[in-house]
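Heads up, the thing below is written out as structure tokens.
Read-outs throughout are calculated quantities, based only on the coordinates presented, and are distinct from any laboratory measurement. Everything quoted here is computed from the prediction, not taken from an experiment. In this analysis, Cβ positions are derived from the backbone assuming ideal geometry, glycine residues included, and neighbour counts consider all displayed protein chains.
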Amino acid sequence: MRNLIRAATLIVAVTAGAAHAQENIKIGLITPLTGNSARVGQQAKAAVELGAEIVNGVYPEFATLPLAASAGSPNLKGAKLKIITADNQGNPSIGQKQTIRLVTEEQVVALLGAYLSSVTLAATAVAEQYGIPWVVGDSVAVNITKRGLKWTFRVMPDATDFAKSYMEFLNDLKQAGHPVSSIAIVYENTDYGTSVAASVREAAREASLPISVDISYSANTTDLASQVLQLRDKNPDAIIFASYTSDIIRYMKALKSFDYRPPVIIGDDGGFSDPAFVANVGNIAQGVLDRSAWEKGKPGSVTARINDIFKTKTGYELDDTSARNMQALFVLADAIKRAGSTKPDAIQQALRQTDLKPEQLMMGYRGVKFDSTGQNALAATYLIQLQGASYVVVWPEKSATAKLIYPFKGWQ
């Protein structure tokens, strides 16, 4: 295996060195295109492809975004991005195999993805062995950037950041006179859910907020009666879910079947941001909260225009996950431009030196600047709430576009 890696690395280095003469800069996207998270993966693919279209074309109306106003990468003779997408099927071992294939056969110079934290953990370790930069835009597990890796960079907040935001929101709710004396955590039992749950436990401990219910479950579980009855019996003031699409849809239907409305439901993105969630259970999930750093903004704004293009192409609006993937591509493209090279080590160095300001981003981060672990130290989040057929920003108050609905309405 070591000989294979050394040989493949040599091949990549030689071909990458010739990229100045190539028309395309090959970027690999590993995401679930089949399986339970297929809709999310397909949205991510569409978002990254649109991001590449913006980089490759001339969009003066998006001039605040890196590379949008010029065609291709100006320091590489206008070379264009080419996105090569691979299906990880939601499986860590397949994610690893796809990483090897994209590096050795497709000869990509950098990677994006892979949505499910368990897949991202496994696949980024392989990219590390090959010395290929990986920019993470959509996986939250804390240990993705806590393993001493040198080739992995995460643009978005991690689970610890989100958990602290949840506690700040609940404290604000308490200060407003609403009861917040206990919470529940409900999470799917892979790296994503367990990492979120661990972070929420620690944040709740620091906030002196008791956890009355702590439920771990398999995302393939179909009978949720005992879990919902347990929640109803303990009656926490807020429930935080870390769930994927199919399982959170089942949970919402189960809550309605038992006529149980907790005062607050907070979703840790995942299935809550999938358009399929609103399409399937939006009418019984009114008032549910979700974390997000995406807000399409006022008509005519850069973000609103990008959203309009995306909706024209796909029939859907951008959501937090798809927008985070597009933002990750923009960060990577900016690094390639500044590197003036497609050599992986030059891109890695440029990523380390990234210092993007809020006005250069399409997401609501304070900027992009990676710390020594590869984590964006300036990442931030909003809380959005499902009101009618769409989500609106309700927290923090300074960023809110609508007033918080309390308590959770659910269904009529």
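Table for the structure above
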quantity: Listed pairs Lys82/Lys337; Lys337/Lys369; Lys26/Lys296; Lys82/Lys369; Lys313/Lys343 exceeding 23 Å between Cα atoms; calculated: Lys26/Lys296; Lys82/Lys369; Lys313/Lys343
quantity: Qualifying GluC sites (Glu not before Pro) in region 25-127, DSSP loop, other Cβ atoms within 10 Å at most 16; calculated: Glu105, Glu106
quantity: Kirkwood-Stokes translational diffusion coefficient of region 360-401, alpha-carbon pairs, 20 °C, 1.002 mPa s, µm²/s; calculated: 181
quantity: Phi-based couplings in Hz for region 31-45 (Karplus 6.51, -1.76, 1.60; Gly and Pro marked x); calculated: 8, x, 9, 9, x, 4, 9, 4, 4, 4, x, 5, 5, 4, 4
quantity: Computed [θ] at 222 nm, deg cm²/dmol, the chain (DSSP H ≥ 4; -39,500 (n - 2.57); rounded to nearest 500); calculated: -13000 deg cm²/dmol
quantity: Per-residue HN-Hα couplings for region 346-355 [Karplus 6.51, -1.76, 1.60; θ = phi - 60°; Hz; x = Gly/Pro]; calculated: 5, 5, 4, 5, 5, 4, 4, 9, 4, 8
quantity: [x] 29.0, 103; [y] 21.0, 66; [z] 37.6, 144, with the label sought being that of the calculated Rg and Dmax of the Cα atoms in Å; calculated: [y]
quantity: Point-charge dipole on Cβ atoms (K/R +1, D/E -1) for region 42-194, about Cα centre, debye to 20; calculated: 380
quantity: Whichever lysines have a C-alpha closer than 24 Å to that of Lys256, once near sequence neighbours (fewer than 8 apart) are set aside; calculated: Lys234, Lys409
quantity: Only Lys, Arg (+1) and Asp, Glu (-1) charged, at Cβ; the chain dipole about Cα centre in debye; calculated: 600
